[in-house]
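The values are calculated or read from the model by the stated rules, or taken from the named source; none is laboratory data. Predicted model, so just to flag it, every value in this text is computed and none were measured. Reconstructed Cβ throughout: ideal geometry from the backbone, glycine too, with neighbour counts over all protein chains shown. The protein model used for the area step is the full one, side chains on, heavy atoms only, and it has no ligands, DNA or RNA in it. Shrake-Rupley method; radii C 1.70, N 1.55, O 1.52, S 1.80 Å.
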Amino acid sequence: MQSRAIEKREQLLLGAAAVFDEVGYSGATLSLIEQRSGVSRGAMYFQFTTKREIADAVIDEQHRASSRLTEAAAATGAGPIEQLVMMSHGLARQILDDPLVRGGIRLTMELAFDDSPVHPYLGWITVMADLLRQGQSEGIIDAEVDADAAARVLVASYTGTQVVSHVLEARKDLPRRVDDLLRIFLTGIMTPRGRDERERILGARA
């Protein structure tokens, strides 16, 4: 029974994420989620009682999926700034390929003006700041750069980059736009040694 409940929950969240991605939080209804997921209303209410609870669960699942990029990048043994590049491009791939990630990201942005969960942003800012500090210790990132401030700028810029890519090109150009962002961002905070290694670093993939 527990295994069956887990399967139903995953099925429900995947269907809900697709609905949220397509019509947003305000346009989504429990009826649409029921239809898309194939999970009955009774089974839905066994897991969740409101649309907002479903939305929060989609955001949590999206954050967990994206957090696995950190583990994958670290497992390569690459340097910290290469890992930063790997994670950035890995998230772009998830956005393109995974409806759960797309739905979670749209919800995070749409609910930003209505008591949005902050942990998806804070999690990425913390990880990026730590990688930037490691880059400073390795002589790749300028020691005078405020790593926490730079990480906030990077996360905010990434958010805007994927939104503009969605609006203008239906995200077809997202990998290229992420590369543009990283090139400009990193060039501005790298040491001369870092700039000498820039092209190799920008080519890093998990």
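Of the residues making up the range 135-149, those that are over 16 Å from Q83 (Cα atoms) and either part of a helix (DSSP H, G or I) or open to solvent by less than 30 Å² (accessible area, probe 1.4 Å) (or both) are D148, A149.
Looking at L168, L174, which one is closer than 20 Å to E22 by Cβ, in contact with a Ser or Thr (Cβ under 7 Å, 6 or more places away or on another chain) and at pLDDT 95 or above?
L174
Applying the criterion of being among the basic types (K, R) and in a helix (DSSP H, G or I) to the residues of the range 154-194, the residue that is surrounded by the most Cβ atoms within 10 Å (Cβ to Cβ) is R177.
Here's the yes/no breakdown for (1) under 25 Å from D173 (Cβ atoms); (2) touching a Ser or Thr at 6+ places or on another chain (Cβ under 9 Å); (3) among the aliphatic types (A, V, I, L, M); (4) surrounded by fewer than 21 Cβ atoms within 10 Å (Cβ to Cβ):
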position: V85; (1), (2), (3), (4): yes, no, yes, no
position: G90; (1), (2), (3), (4): yes, yes, no, yes
position: I105; (1), (2), (3), (4): yes, yes, yes, no
position: M109; (1), (2), (3), (4): yes, yes, yes, yes
position: F113; (1), (2), (3), (4): no, no, no, yes
position: S116; (1), (2), (3), (4): no, yes, no, yes
position: G123; (1), (2), (3), (4): no, yes, no, yes
position: D130; (1), (2), (3), (4): no, no, no, yes
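Pull up the range 37-50, narrow it to residues that are crowded, with 19+ Cβ neighbours inside 10 Å and not β-branched (V, I, T), then point me to the one that is nearest to P117 (Cα to Cα).
The qualifying residue nearest to P117 (Cα to Cα) is F48.
For residues that are more than 18 Å from E61 (Cβ to Cβ) and open to solvent by 40 Å² or more (accessible area, probe 1.4 Å), tally how many sit in the range 15-29. The qualifying residues number 3. Within the range 82-109, restricting attention to residues that are of a type in the set (D, E, K, R) and assigned to a helix (DSSP H, G or I), the residue that is farthest from Q162 (Cα to Cα) is E82. Here S66 meets the list (1) crowded, with 20+ Cβ neighbours inside 10 Å; (2) more than 21 Å from the chain's Cα centre (by Cα); (3) assigned to a helix (DSSP H, G or I); (4) modelled with pLDDT under 95 almost entirely, failing just condition (2). Selection over the range 1-14 of residues that are open to solvent by less than 70 Å² (accessible area, probe 1.4 Å) and over 19 Å from the mean Cα position of the chain (by Cα) gives a count of 3. Whenever a residue of the range 40-59 is under 20 Å from L100 (Cβ atoms), its partners that are open to solvent by 60 Å² or more (accessible area, probe 1.4 Å), lying with C-beta atoms within less than 6 angstrom and at least six residues away or across chains, give the pairs Q47/R9.
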